[in-house]
Amino acid sequence: MTKDQTDGGSGLLRVALRAYPRAARTAHAQELAAIYAEATAGAGRVATLREAMDVAGHGLRLRCGLGGQGRADEIVARAAPLAVVLCAAQGLAYLAYVVVTALTPPQLAQLGGAYLTVLLDASGATLVWLAVLALLLSGRPGAARILGAIGTLGQFPVVLTALPGLGTGRLDAVCSALLPSLFVSLLLLAAPRDMLGAASPRDRLAVGWTGVLALVPYVIMLVVHRTQVTVPIVTLVWFVPAVLALALVLARRDAAGPIALGVAAVVGLLRFDVPELVRLDPAWTSSVAVLTAVVVVFAWRRWIDGGADGRTVRS
C-alpha cells in the first residue's frame with residue numbers, strides 16, 4: 001500500500017468510526033483499527049472503501065440497537081433490497097417526465113433552472129438505484145453499498161444548490177429527490193453484508209412484486225385526474241404497509257416479509273406522505289408527528305428486544 005493509500009485508509013477509518021456510539025468507539029477503537037489495518041493491507045482503493053463501509057455499517061447497527069443474527073437484523077437485510085427497488089421504480093416517473101419534457105422545448109423552458117435541476121437529480125438517482133439493484137441481485141452487496149452511498153452524497157450539493165430557486169416547492173424537492181435516497185443508503189449500510197448475499201428466487205419474486213407496487217400510485221394518477229381522489233389513495237398505498245408492519249412488531253409476530261415491506265414502504269412515505277402531512281394545519285402536523293414518533297420508538301424497542309431473545313424469523 002502506498003503512503004497516499006495508507007493516509008486515505010486512515011481517514012476513511014476515522015470517518016467510519018464516527019458511526020459508533022461514543023462508548024463503543026472509545027472501548028474498541030484500537031481493536032477495530034488493528035482489524036481494519038489487517039483487512040486492508042495490500043488492498044486497493046475499492047477494497048479499502050468496502051472495509052470502511054463495513055466498519056461504518058457495524059457502528060450504525062450498534063447505534064440502532066442491532067448487531068447480530070437476530071430478528072431485527074434479518075428483517076433489515078430483507079427490507080434493504082425492497083427499499084432499493086421502491087426508490088428505483090418510483091424514480092422512473094421522474095426519468096420518463098424528463099425525457100418527455102426534453103422532446104418539447106417550450107415546456108422544458110417553462111420549468112425553470114431550479115426545477116429542472118431537481119428533476120435531473122432525481123433522474124440521475126434513479127439510474128444509480130437501478131445499478132445498485134442489479135449489484136444486489138448479482139450478489140455484490142459491498143459494491144451496492146458503496147455506489148448507493150456515493151450517489152446519495154452526490155445528490156446533496158445538487159439539491160441544496162437548487163433550493164433557493166424553488167420557492168414553495170422546496171419541501172417537495174427534498175422529499176422526492178433526497179430523503180428517499182438517504183433512507184435507502186442508511187438501510188443498506190445497516191444491513192449486515194453477509195446477510196445481503198445472492199438473491200434467492202423468493203427474494204427476486206419479492207423484489208419484482210415490490211416494483212409493481214411502486215408503480216401503482218402513478219397508474220392511479222394516470223387513470224384518475226381528480227386530486228382530491230388521488231392524493232388520499234396514493235398516501236394510503238404506503239401508509240397501510242407501514243402501519244401493518246408496526247402492528248406486527250407490536251404483536252411480536254414472526255412475519256418477516258410483511259414487516260420488511262413495511263420498513264421499505266418508508267421510501268413512499270417520505271416521497272408522498274410527508275409533504276401532504278406538512279401541508280396540514282400545524283397543530284395536526286405536530287400531533288401526528290409526536291404520536292408517530294412515540295409509536296415508532298416503542299415498536300423499535302419491542303423489535304430489538306425480540307431480536308435479543310434469539311428467536312428465529314420464519315420465512
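In the stretch 1-107, counting only helices (runs of 4 or more DSSP H) that sit wholly within it, the ones holding 2 or more residues that are modelled with pLDDT of 80 or more and assigned by TED's automatic domain parsing to the domain that holds Leu188 span 71-102. Taking (1) touching a residue at least 12 places away in the same chain (Cβ under 8 Å); (2) hydrophobic (A, V, I, L, M, F, W, C); (3) touching a helix residue (DSSP H, G or I) at 6+ places or on another chain (Cβ under 6 Å) in turn, Leu108 satisfies each apart from (1). When the stretch 242-262 is limited to residues that are surrounded by fewer than 23 Cβ atoms within 10 Å (Cβ to Cβ) and closer than 18 Å to Val84 by Cα, the one that is modelled with the lowest pLDDT turns out to be Ala256. Just one of the listed residues (Glu74, Glu31) is surrounded by fewer than 22 Cβ atoms within 10 Å (Cβ to Cβ) and farther than 30 Å from Ala264 by Cβ, and it is Glu31. Exactly one residue out of Leu130, Leu153 is crowded, with 17+ Cβ neighbours inside 10 Å and either in a helix (DSSP H, G or I) or at pLDDT 85 or above (or both), and it is Leu130. Residues in the stretch 80-111 that are of a type outside the set (A, V, I, L, M), surrounded by 15 or more Cβ atoms within 10 Å (Cβ to Cβ) and more than 30 Å from Gly142 (Cα to Cα): Thr101 alone. Which of the residues spanning the stretch 139-171 are within 16 Å of Cys87 (Cα to Cα) and among the basic types (Lys, Arg)? Once the filter is applied, which keeps residues that are within 16 Å of Cys87 (Cα to Cα) and among the basic types (Lys, Arg), the stretch 139-171 yields only Arg145.
Contact map, the stretch 30-46: residues that are within 21 Å of Leu147 (Cα to Cα) paired with residues that are modelled with pLDDT of 80 or more and polar (S, T, N, Q), Cβ distance under 6 Å, separation 6+ or inter-chain. Pairs shown: Thr40/Thr48. Within the stretch 108-126, the set of residues being at pLDDT 85 or above and out of contact with any Ser or Thr (no Cβ under 9 Å at 6 or more places or on another chain) comprises Leu120, Asp121, Ser123, Gly124, Thr126. The criterion of at least 1 residues that are among the β-branched types (Val, Ile, Thr) and touching a residue at least 24 places away in the same chain (Cβ under 8 Å) is met by the following helices (runs of 4 or more DSSP H) wholly inside the stretch 161-250: 179-190, 201-223, 227-250.
So that you can scan it fast, the table gives a plain yes or no per residue for (1) more than 15 Å from Val263 (Cβ to Cβ); (2) surrounded by 15 or more Cβ atoms within 10 Å (Cβ to Cβ); (3) more than 10 Å from the chain's Cα centre (by Cα):
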| position | (1), (2), (3) |
| --- | --- |
| Pro180 | no, yes, no |
| Leu189 | no, yes, no |
| Gly197 | yes, no, yes |
| Ser200 | yes, no, yes |
| Ala206 | no, yes, yes |
| Trp209 | yes, no, yes |
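The values are calculated or read from the model by the stated rules, or taken from the named source; none is laboratory data. Small disclaimer: the values here were computed from a predicted structure and weren't measured. Positions of Cβ are backbone-derived with ideal geometry, glycine not excepted, and every protein chain shown enters the neighbour counts.
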